[in-house]
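Notes to accompany the following structure.
The values are calculated or read from the model by the stated rules, or taken from the named source; none is laboratory data. Since the model is a prediction, treat every value here as computed from it, not as a measurement. As a convention, Cβ positions derive from the backbone with ideal geometry for all residues, glycine included, and neighbour counts pool all protein chains shown. Protein only, heavy atoms only, side chains kept; ligands, DNA and RNA dropped before computing areas. Shrake-Rupley method; radii C 1.70, N 1.55, O 1.52, S 1.80 Å.
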Amino acid sequence: MVTINQDACTGCGRCIKDCIAGTISLQDHKARSAGSCLLCGHCVAVCPTGAVSIPEYDMEDVEELAPEEAALETGRLLKAIKSRRSIRSYKQMPVSRSYMELLLQAGRYTATARNTQGCRFIFVQEGLGLFKSMIWEGIGRILNSPDPGPAEPYRNFYNAHQANPQDDYLFRNAPCVLFIAAPSTIDAGLAAQNMELTGTSLGLGFLYNGYLRRAAEMIPEAREWLGAGDKPLEACALFGFPDVTYKRTAPRRAADSVFH
């Protein structure tokens, strides 16, 4: 629930105007909260005196914003987006836990439908060797079963890996894998995009991997090991430090757009 410090509240009404749930009202020139709340935090963010808090959350995590800190330089941001490439060649060096924590911050602060904050972020690095074994063994087991249909798209990848273990099509020898388990595909996709942009600022490269996501979903022991719980794996990306340097942006088709 939302708590409003009556001594700090000036009755300015900004939290009332910005409350999407309509649960804040002005009483005796002070803001008061009552009723069902989405806990979106808009009231906390908009209050000029810091009078609003949400005890369910860690309020120490809230940061003050100076105007210049909230602004992004449009040209640099757009160039970062335009220069984004899918990375399929990685340096054999680990990604630090501190970098992963920064990716996690970007993911958990991404908007979610109705503020569900339902994404689970799963990082695989130290246990990657074990996870790879589960995936390849699981694919082989399904391919050799009476009903290999679910794994049929992986047959060529599997055969190539069996012939040469260095042929690592599913993992591309990346040092890390990120899975996002979520009740919503859109929530997972938005979080993945923000995490990739943050990773780009750290010098990391990403490759979204639908093949690996589907493989993890169809192999029960792999899914259980990941710890996705009852949430479907909605996004998957390989990431690490790129072993390739791009000198310019790549061309694109003209935008398919409509302006009314």
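Taken over the stretch 166-221, the ratio of Cα radius of gyration to 2.2 N^0.38 Å equals 1.24.
List the DSSP H helices in the chain whose Cα atoms stretch 20 Å or more along the helix axis and whose mean Kyte-Doolittle hydropathy is at least 0.0. Each step should come with its number before you reach the end.
Details: long enough: 128-143 (22 Å, 0.93); 185-201 (25 Å, 0.10).
Taking the DSSP H segments of the chain (at least 20 Å long, mean hydropathy at least 0.0), we get 128-143, 185-201.
Annotation note: chymotrypsin sites (Phe, Trp or Tyr not before Pro) in the stretch 113-190 located in DSSP loop regions with a Cβ neighbour count of at most 16 within 10 Å are TYR169. Magnitude of the charge dipole for the chain, about its Cα centre and with charges confined to Cβ atoms of Lys, Arg (+1) and Asp, Glu (-1), is about 1100 debye. Here is how the number arises for the chain: DSSP H runs of 4 or more residues each give -39500 (n - 2.57), the sum is divided by the residue count, and the result at 222 nm is -10000 deg cm²/dmol.
When the Gaussian network model of the chain links Cα atoms closer than 10 Å, the mean-square fluctuations of ILE54, ILE87, ILE142 top out at ILE54. With the Kirkwood sum run over all distinct C-alpha pairs, the stretch 205-260 has a hydrodynamic radius of 14.7 Å. Taking a ≥ b ≥ c as the square roots of the eigenvalues of the Cα gyration tensor, an a/c ratio of 1.5 or more together with a/b no larger than b/c marks the stretch 98-152 as oblate.
Work out the length of the dipole vector of the stretch 99-225 about its Cα centre, built from +1 on the beta-carbon of each Lys and Arg and -1 on the beta-carbon of each Asp and Glu, and round it to the nearest 20 debye. Intermediate values should be presented prior to the final figure.
Numbers: 10 positive and 12 negative charges, 48 e Å.
Dipole about the Cα centre, nearest 20: 240 debye.
Within the stretch 73-178, the GluC sites (Glu not before Pro) that combine a DSSP coil assignment with at most 11 other C-beta atoms in a 10 angstrom radius are GLU73, GLU126. For the stretch 92-190, a/c is not less than 1.5, where a ≥ b ≥ c are the root eigenvalues of the C-alpha gyration tensor, and a/b does not top b/c. That puts it in the oblate class.
Over all alpha-carbon pairs in the chain, figure out the percentage whose distance exceeds 23 Å. Don't jump to the answer; show the numbers that get you there.
Numbers: 21174 of 33670 pairs.
Of the Cα pairs, 63 percent sit more than 23 Å apart.
Sketch the reach of a paramagnetic label on ASP243 as a point 7 Å from Cα along Cα-to-Cβ, and name the residues of the stretch 131-166 whose backbone nitrogen lies under 13 Å away. Counting backbone N atoms under 13 Å from the label point, the list is 166.
For a quick check of your reading of the filter: which trypsin sites (Lys or Arg not before Pro) in the stretch 1-75 sit in a DSSP loop and have no more than 16 other Cβ atoms within 10 Å? If you can, show how the numbers build up before the last one.
Working: sites: ARG14, LYS17, LYS30, ARG32; in loops: none.
Nothing satisfies the criteria.
Considering only THR198, THR112, THR23, the mean-square fluctuation computed in a Gaussian network model of the chain, springs between alpha carbons under 10 angstrom, is largest for THR23. Considering only LEU197, PRO242, GLY127, and ranking their Cα positions along the charge dipole of the stretch 96-246 that arises from unit charges at the beta-carbon of Lys, Arg, Asp and Glu, the one farthest toward the positive end is LEU197. Taking other residues whose beta carbon is less than 12 angstrom from the beta carbon of ASP168, and scoring Lys, Arg as +1 and Asp, Glu as -1, yields +2.
Candidate cross-link partners of LYS17 among the lysines, defined by an alpha-carbon separation under 30 Å and a same-chain spacing of 8 or more, comprise LYS30.
Roughly speaking, to the nearest percent, how much of the chain's 1.4 Å accessible area is carbon and sulfur? Here it works out to 53 percent.
Once you have the Cα-Cα distance between SER133 and GLN105, take 0.36 nm times their residue separation minus that, and quote the gain in nm to one decimal. Write down the numbers at each step before the final one.
Numbers: separation 28, 0.36 × 28 = 10.08 nm, distance 2.97 nm.
Answer, rounded to one decimal: 7.1 nm.
Classify the stretch 1-137: rounded, prolate or oblate, from the alpha-carbon gyration tensor (a ≥ b ≥ c, eigenvalue square roots; a/c under 1.5 rounded; otherwise prolate if a/b is larger than b/c)?
Values: a/c = 3.01, a/b = 2.02, b/c = 1.49.
Prolate, because a/c is 1.5 or more and a/b exceeds b/c.
Scalar couplings 3J(HN,Hα) for the stretch 221-232, obtained by applying the Karplus form with A = 6.51, B = -1.76, C = 1.60 to θ = phi - 60°, are 5, 5, 5, 5, 4, 5, x, 6, x, 8, 8, x Hz; x denotes Gly and Pro.
Modelled spin-label separation between HIS29 and ASN164, with each label point placed 7 Å from Cα along the Cα-to-Cβ direction: 8.0 nm.
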